[in-house]
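What follows is a single structure, written as structure tokens, with notes after it.
The values are calculated or read from the model by the stated rules, or taken from the named source; none is laboratory data. As the structure is a computational prediction, the values presented were derived from the model and not from experiment. Glycine also receives a Cβ, built like all others from the backbone with ideal geometry; neighbour counts cover every protein chain displayed.
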Amino acid sequence: MRIHDEDADTKVESSLIQKAPYNEISPTFCVAMLKNGSTVKLEGQLNDFLPTLKESDFAWINFQVQDLKEEGSQIASKLGFNPSIVHELVSQRFSGYDDHITELGLLLPAVRVTRLEVEINKLIILMKANIVVTIHGEHVTRLAKFARYAVTFFKKVPKNLDDVDKISLVLIRILDENNERNFDGIRSIQEQGEEISKYLIDPSAGRQELGSDIYKMKHALISYLEALWASLDVVHYLRYGDAEIITDDPIILQKVGMLSTDLTRQISISEQMSTVLASGLEVLQSIYNNQLTMLNNRMAMMGVWLAVLGTAFLVPNTVATVFGTPIAEHLEWHTQLWIIILSTLASVLFVYFFMKRKGMFPKVQ
């Protein structure tokens, strides 16, 4: 376990922060404002945090677990929460809100976008009295990053506020951090969209691969929008402070309204991208239709010319067959030759002009 008390020993704290590499921040930690006014940050296991929680004015504990349902329920039980609250939240798809009067449970999506692969993880937040607990899987690292500044944030919380106001401020800061990291996903999708747009104007680009990429981008946008809408649903439950465990201070609730505004703006941006993507799909469909039309015209042209050539072979063959019978015994060979040539030319010209007049020669682009 690592611990530092900022007010008791500022130099030790500074040394720990400077020497601890960014990627070595423990995913399981506790940040607490003690009743004596000092701020403490611990890293370790749940049992290491319990003595500090008894002496804290308000605290935030973050846990990284392998199994949200089983391990999360055990953690909730040890901290005095109803373990069923975790089961109820985990059973939800992307978001959840479970108010037990004296304790509150939230489920939020934590989005991670890699190229066009959207991974939506679950983040559980439990609240009661003077404690906020966050529980998540190993792929959610955003809160460990925020932990570097959590001690400073706790110091800025006014000490004269009620407990419900203090933990509400902590909750809002955690929600804001989660939303900001979720918003990073749209940048990744936009970057991939720029790559795809280059192929749309390249006539030699592979259409099958391009179609697959556009489908992946569309699927990524839909998944991303689902996560944002899920986050917005949870924020809407909080914005009026109806739950007993949430503040009803209008100034603090304005911060919740700002979270809602940010989410709405990001949803609008994502929907605009979806509109642009739909336009791209229409362009691609037009390209496919033009290519198909050109191919059909070429096939039709080939069929018409084959008919003309067929006539050129069929007529002389038929005439020659007739001349092979006794009917043409009185005709000279050169007469027969001229009859074959003239009849072939006449029939070919007749077929050609007939098809042209009927418009059977398509325009090849």
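Only one of Ile222, Ile214, Ile201, Ile189 is within 16 Å of the chain's Cα centre (by Cα) and at pLDDT below 80. Can you tell me which? Spell out how you get there, then give the answer.
Details: Ile222 fails: at pLDDT below 80; Ile201 fails: within 16 Å of the chain's Cα centre (by Cα); Ile189 fails: at pLDDT below 80.
Only one candidate passes the filter, namely Ile214.
Just to be sure, is Phe81 among the aromatic types (Phe, Trp, Tyr), closer than 14 Å to Ile124 by Cβ and out of contact with any Phe, Trp or Tyr (no Cβ under 6 Å at 6 or more places or on another chain)?
yes
Name every residue in segment 148-183 that is crowded, with 20+ Cβ neighbours inside 10 Å, closer than 19 Å to Pro27 by Cα and aliphatic (A, V, I, L, M), in order of residue number.
Across segment 148-183, the qualifying residues are Ala150, Val170, Leu171, Ile174, Leu175.
Scanning segment 120-147 for residues that are more than 28 Å from the chain's Cα centre (by Cα) and not small (Gly, Ala, Ser), which turns out surrounded by the fewest Cβ atoms within 10 Å (Cβ to Cβ)? Please lay out each step first, then the result.
Residues of segment 120-147 that are more than 28 Å from the chain's Cα centre (by Cα), as a first pass: 127-132.
Next cut, not small (Gly, Ala, Ser) only: 127-128, 130-132.
Working: Met127: 25, Lys128: 21, Asn130: 18, Ile131: 23, Val132: 24.
Taking the candidates together, the pick is Asn130.
So for segment 243-264 (the condition being assigned to a helix (DSSP H, G or I), among the hydroxyl-bearing types (Ser, Thr, Tyr), modelled with pLDDT of 80 or more and within 22 Å of Leu104 (Cα to Cα)), does at least one residue qualify?
So far as segment 243-264 goes, yes, one or more of its residues are assigned to a helix (DSSP H, G or I), among the hydroxyl-bearing types (Ser, Thr, Tyr), modelled with pLDDT of 80 or more and within 22 Å of Leu104 (Cα to Cα).
Check Gly105, Gly72, Gly80 and return the single one that is surrounded by 22 or more Cβ atoms within 10 Å (Cβ to Cβ) and not in a strand (DSSP E or B).
Exactly one residue qualifies, and that residue is Gly72.
So which residues in segment 83-102 are over 19 Å from Leu263 (Cβ atoms) and either outside the structural domain of Ser231 (by TED's automatic domain parsing) or part of a strand (DSSP E or B) (or both)?
Initial filter on segment 83-102 (over 19 Å from Leu263 (Cβ atoms)): 83-91, 98-102.
Scanning segment 83-102 gives Asp98, Asp99.
Can you pull out every residue in segment 53-69 that is of a type outside the set (Lys, Arg) and either assigned to a strand (DSSP E or B) or closer than 30 Å to Asn36 by Cβ (or both)?
Of everything in segment 53-69, those that are of a type outside the set (Lys, Arg) and either assigned to a strand (DSSP E or B) or closer than 30 Å to Asn36 by Cβ (or both) turn out to be Leu53, Glu55, Ser56, Asp57, Phe58, Ala59, Trp60, Ile61, Asn62, Phe63, Gln64.
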